[in-house]
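Inspection log for the structure reproduced underneath, given as structure tokens.
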Amino acid sequence: MKVLIIGANGNIGQQVAQKLKKSNHQPIAMLRKPEQQATFAEKGINTVIADLEEDFQHAYKGIDAVIFTAGSGGHTSDEKTHLIDRQGAKKAIDLAIKNKIDRFVMVSSMGSGQSQENWPKDLIPYLQAKTDADEHLLHSGLNYTILMPGTLTDKSATNNITLSSDLEQKGKTVPRTDVATVITKVIDHPNAYEKSFEFVSGETPIDTALQQIA
């Protein structure tokens, strides 16, 4: 499949692009700035210049699947969170529908969809935006997977996770490298179709955890 990676210049996005390049898929890295292209060109990864805050429908030409891993982060302004995590994600979903691209993988956050009472006060705008975007995808009619990892770290990969539709494990972490691996594997994994789940580092190999999804 030809896979558009929205948020490709982020830490996770770059790893997803490299992992997809080594698989039977063709990654297309969506980037905001031309100067970001060289890093991907060196690795033989095709790119498209487009901005989530502008009209980016040209990025969808010839695409078979979309991975949305863009994010403003939990500590940016509420306005930027709204523009990227809510509006940007919704536009990406709507463009997939418009262009008849059925497969859509959303990288969300643990806590999305839960009661606001469980959210840290400083993350409320961020998790509200994530929840709204996830709900939009759930009702889109697309073949979705919503991934809700725990707190991200830059630790080395373990390739082992704990996966559930409702972990309720506050403070649990997962390396970004493992998140990238999960994203790469769910893109065409039937067990992950039309599913939402949380995951953190654990004891189960990623392949086994995905096979065990009910």
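The values are calculated or read from the model by the stated rules, or taken from the named source; none is laboratory data. Computed from a predicted model, the values in this text were never measured in an experiment. Note: ideal-geometry Cβ built from the backbone for every residue, glycine included; neighbour counts use all protein chains shown.
Table: residues versus (1) closer than 17 Å to Ser196 by Cβ; (2) at pLDDT 90 or above.
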{"site": "Lys33", "(1), (2)": "no, yes"}
{"site": "His58", "(1), (2)": "no, yes"}
{"site": "Gly74", "(1), (2)": "no, no"}
{"site": "Gln114", "(1), (2)": "yes, no"}
{"site": "Pro120", "(1), (2)": "no, no"}
{"site": "Leu147", "(1), (2)": "yes, yes"}
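For the stretch 170-192, the condition holds for no residue, the condition being that it is small (Gly, Ala, Ser), at pLDDT below 95 and not in a loop (DSSP other than H, G, I, E, B). Only one of (1) closer than 18 Å to Leu137 by Cβ; (2) modelled with pLDDT of 95 or more; (3) of a type in the set (Ser, Thr, Tyr); (4) in contact with a Phe, Trp or Tyr (Cβ under 6 Å, 6 or more places away or on another chain) fails for Thr81. Which number is that? Among (1) closer than 18 Å to Leu137 by Cβ; (2) modelled with pLDDT of 95 or more; (3) of a type in the set (Ser, Thr, Tyr); (4) in contact with a Phe, Trp or Tyr (Cβ under 6 Å, 6 or more places away or on another chain), Thr81 violates only (2).
State which residue is surrounded by the fewest Cβ atoms within 10 Å (Cβ to Cβ) when the search covers only the stretch 51-66 and only residues that are under 23 Å from Val179 (Cβ atoms) and in contact with a helix residue (DSSP H, G or I) (Cβ under 6 Å, 6 or more places away or on another chain). The residue in question is Leu52. Scanning the stretch 193-213 for residues that are in a loop (DSSP other than H, G, I, E, B) and either at pLDDT 95 or above or closer than 24 Å to Asp102 by Cβ (or both) gives Tyr193, Glu194, Ile213. Looking at the stretch 1-119, the helices (runs of 4 or more DSSP H) lying wholly inside it that each contain 2 or more residues that are closer than 18 Å to Lys185 by Cβ and among the polar types (S, T, N, Q) sit at 11-21. Cβ separations smaller than 6 Å between residues 6+ apart or across chains give the following pairs from the stretch 189-205 residues that are farther than 19 Å from Gly111 by Cα to residues that are of a type outside the set (Val, Ile, Thr) and outside any strand (DSSP E or B): His189/Leu210; Asn191/Leu210. Report, by residue number, each residue of the stretch 67-100 that is within 18 Å of Pro125 (Cα to Cα), surrounded by 19 or more Cβ atoms within 10 Å (Cβ to Cβ) and not polar (S, T, N, Q). Correct list: Ala70, Gly71, Ile84, Asp85, Arg86, Gly88, Ala89.
Filtered by the rule that a residue be over 15 Å from Asp64 (Cβ atoms) and in contact with a Pro (Cβ under 6 Å, 6 or more places away or on another chain), the stretch 18-44 gives a lone residue, Lys21. Answer yes or no as to whether Ile12 is touching a helix residue (DSSP H, G or I) at 6+ places or on another chain (Cβ under 7 Å), of a type in the set (Val, Ile, Thr) and free of Cβ contacts under 8 Å to residues at least 40 places away in the same chain. When the stated conditions are applied, Ile12 does not pass them. Beta carbons closer than 9 Å, at least 6 apart along the sequence or on distinct chains, pair a first residue in the stretch 85-111 that is more than 15 Å from Thr69 (Cβ to Cβ) and at pLDDT below 95 with a second that is acidic (Asp, Glu) and assigned to a helix (DSSP H, G or I) for Arg86/Asp132. In the set (1) over 17 Å from the mean Cα position of the chain (by Cα); (2) touching a residue at least 24 places away in the same chain (Cβ under 8 Å), the condition left unmet by Ala41 is number (2). Quick check, is Asp154 at pLDDT 90 or above, of a type in the set (D, E, K, R) and either within 14 Å of the chain's Cα centre (by Cα) or surrounded by 13 or more Cβ atoms within 10 Å (Cβ to Cβ) (or both)? Against the criterion (at pLDDT 90 or above, of a type in the set (D, E, K, R) and either within 14 Å of the chain's Cα centre (by Cα) or surrounded by 13 or more Cβ atoms within 10 Å (Cβ to Cβ) (or both)), Asp154 does not qualify.
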